[in-house]
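The structure under discussion appears below in the form of structure tokens.
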Amino acid sequence: MPAFQTSPGMRDILPPESERWRRFTDIFADTVERAGYGELISPLLEDLGVFTRIGDATDVVTKEMYDFIDKGDRHIALRPEVTASVCRSFAQHRPTTPWKVFYSGPNFRYERPQRGRYRQFEQVGIEVLGVDDPLLDVEVIALAWEFYARLGLRQVNLIINSLGEPDDRARYVEALRAHFDQAGSALSEQSRSTLIRNPLRVLDSKREPDQRFIESAPQIADFHSPEAAEHFESVCAGMSALHIPFEVEPKLVRGLDYYRRTIFEFQGETLNSAQNALGGGGRYDGLVEALGGPSTPGIGFALGVDRTLLACDDEGVFGPEPTELDAFVVDVTGGLHATEITADLRGAGLAADRGYDNRSMKAQMKLANRSGAQFAVIIGDDEVSAGTAVVKPLRTDDEQITIARSDLIAHFSQDTTTGTDSS
RNA sequence: GUGGUCAUAGCUCAACAGGUAGAGCACCAGGUUGUGAUCCUGGCGGUUGGGGGUUCAAGUCCCCUUGGCCACCCCA
């Protein structure tokens, strides 16, 4: 056992898995940049107050926050999510609207880790501030949908709901409270304490005794104001126009208190664990104001990288891809020639690696094979005295050839431009 | 935070009812006097997560501790 290991819920992402992570964020960035979103790079640390605005009834704020006092007596927290930071940034810089941004990076929540749930976890997401249009809701959801499609994921279920305007939501919460109060002690103990803090969340309970009360609970749709109902109808109509399959789930409430009106969640069909939420989001029209900015509508989503990748594993899509090398230089004359040749190849824009420590030819050829390189470039005493190099194909049965050292770069440049074009 | 379960070589696992640790893969070296991916041979590698206890004897039983996983909770 090593002297040190990662602390709970933290882990190293090693190659080749890390390459897949980067490709994941690259594809995400490409997807949303084509829709007019620009990247916002915001701090991992914020004033604690930025996050307490998320809502004091959410566990994310009350018990999962990593916070500390810094040397200047400021109360600082590691971000548990990014939406609040985006709104803080908007309130601080007052960019012109619509402000369409995306982000990717780590977030921190102090929870008990398990598969698909870590204390440091990666999310990608987008946020749009300053637009009330329900067709923006459609665009936002559709971009997530498109991203899943680009990864190759097929077994993803989209569920949506509307929490109504703040007043609708408040009336609904009271109705729920009254409903569950009737149940009295028949309700599970945990749900009874949840009921005091946040009646909406009782709908999330998976405990058996609660189920029949959840079944018979009032429906949010009955509390929608005409405006909220119209907004939601437009969202559904837009989704249908794009032929994106979705399901309206009246019991979907989501965890963060700032949500208003449209909310949605993507669930992985193949993930039968409790951590099946691949991503989710919704409208949070009051959040910028709560952070000291002007009254501004907002909507966005966040997608969990870990869980999405787990779903990809289950579907056998978007696997790690081995790094591609054009050449691996085997030099059994001490290594100085390999130093020159790899530098030349790399300088010409080719991908080249080499063996070290002047190991035996057999050992270096094994490395060459394992490296995934297309060709081995072999330098021995004969080649040095003749001023040549041996080029041996490693992926085909073609014969190796001997060419002049001076022709090496030209040979490879030609071969790779006419050869495998992976783009 | 609560409950359950597990922890043996770098990885995946084995070791009858307590008797002093083994395989496959990986890695290294040879078989092939310059040439990998196959095959054969050999080698490296573990104070059995850590600490304490019971016993003549503990990977195996008991307690504590650390960590993983699962469920609750919550969410990505």
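The values are calculated or read from the model by the stated rules, or taken from the named source; none is laboratory data. Owing to the predicted nature of the structure, the values given are computational and were not obtained by experimental measurement. Every residue, glycine as well, gets a Cβ built from its backbone with ideal geometry; the counts of neighbours run over all protein chains shown. Remember, those area values only see protein heavy atoms, side chains included, never the ligands or the DNA or RNA. Shrake-Rupley method; radii C 1.70, N 1.55, O 1.52, S 1.80 Å.
Data table
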| quantity | calculated |
| --- | --- |
| Conditions (1) touching a strand residue (DSSP E or B) at 6+ places or on another chain (Cβ under 9 Å); (2) modelled with pLDDT of 90 or more: number failed by A:Leu309 | (1) |
| A:Pro226 vs. criteria open to solvent by less than 70 Å² (accessible area, probe 1.4 Å) and more than 16 Å from RNA strand B (Cβ to nearest atom) | no |
| Only listed residue being away from RNA strand B (no atom under 14 Å from the Cβ) and surrounded by fewer than 19 Cβ atoms within 10 Å (Cβ to Cβ), chosen from A:Gln114, A:Gln92, A:Gln5 | A:Gln92 |
| Total residues in region A:184-219, condition surrounded by fewer than 17 Cβ atoms within 10 Å (Cβ to Cβ) and assigned to a loop (DSSP other than H, G, I, E, B) | 5 |
| Test: residue in region A:239-250 that is within 16 Å of RNA strand B (Cβ to nearest atom), open to solvent by less than 30 Å² (accessible area, probe 1.4 Å) and not aliphatic (A, V, I, L, M) | no |
| Single residue of region A:251-301 satisfying the filter (charged (D, E, K, R) and more than 20 Å from A:Val60 (Cα to Cα)) that is nearest to RNA strand B (Cβ to nearest atom) | A:Lys251 |
| Of all residues making up region A:72-116, the number that are within 26 Å of A:Ile27 (Cβ to Cβ) and hydroxyl-bearing (Ser, Thr, Tyr) | 5 |
| Filter result (more than 10 Å from RNA strand B (Cβ to nearest atom) and in contact (Cβ under 8 Å) with a residue 12 or more places away in the chain) within region A:57-81 | A:Met65, A:Tyr66, A:Asp67, A:Arg74, A:His75, A:Ile76, A:Ala77, A:Leu78, A:Arg79 |
| Within region A:302-401, helices (runs of 4 or more DSSP H) holding 1 or more residues that are assigned by TED's automatic domain parsing to the domain that holds A:Val101 and more than 7 Å from RNA strand B (Cβ to nearest atom) | A:305-315 |
| Some residue of region A:119-135 being in the same structural domain as A:Pro245 (by TED's automatic domain parsing), within 16 Å of RNA strand B (Cβ to nearest atom) and among the aliphatic types (A, V, I, L, M) | yes |
| Selection from region A:280-314 of residues that are under 16 Å from A:Ser162 (Cβ atoms) and open to solvent by 10 Å² or more (accessible area, probe 1.4 Å) | A:Asp285, A:Gly286, A:Pro297 |
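Listed here are the residues, each with its yes/no results for (1) farther than 26 Å from A:Leu40 by Cα; (2) touching a Gly at 6+ places or on another chain (Cβ under 6 Å); (3) open to solvent by less than 60 Å² (accessible area, probe 1.4 Å).
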| residue | (1), (2), (3) |
| --- | --- |
| A:Phe121 | no, no, yes |
| A:Val124 | no, no, yes |
| A:Asp133 | no, no, no |
| A:Phe147 | no, no, yes |
| A:Gly152 | yes, no, yes |
| A:Gln155 | yes, no, no |
| A:Gly164 | yes, no, yes |
| A:Ala170 | yes, no, yes |
| A:Gln182 | yes, no, no |
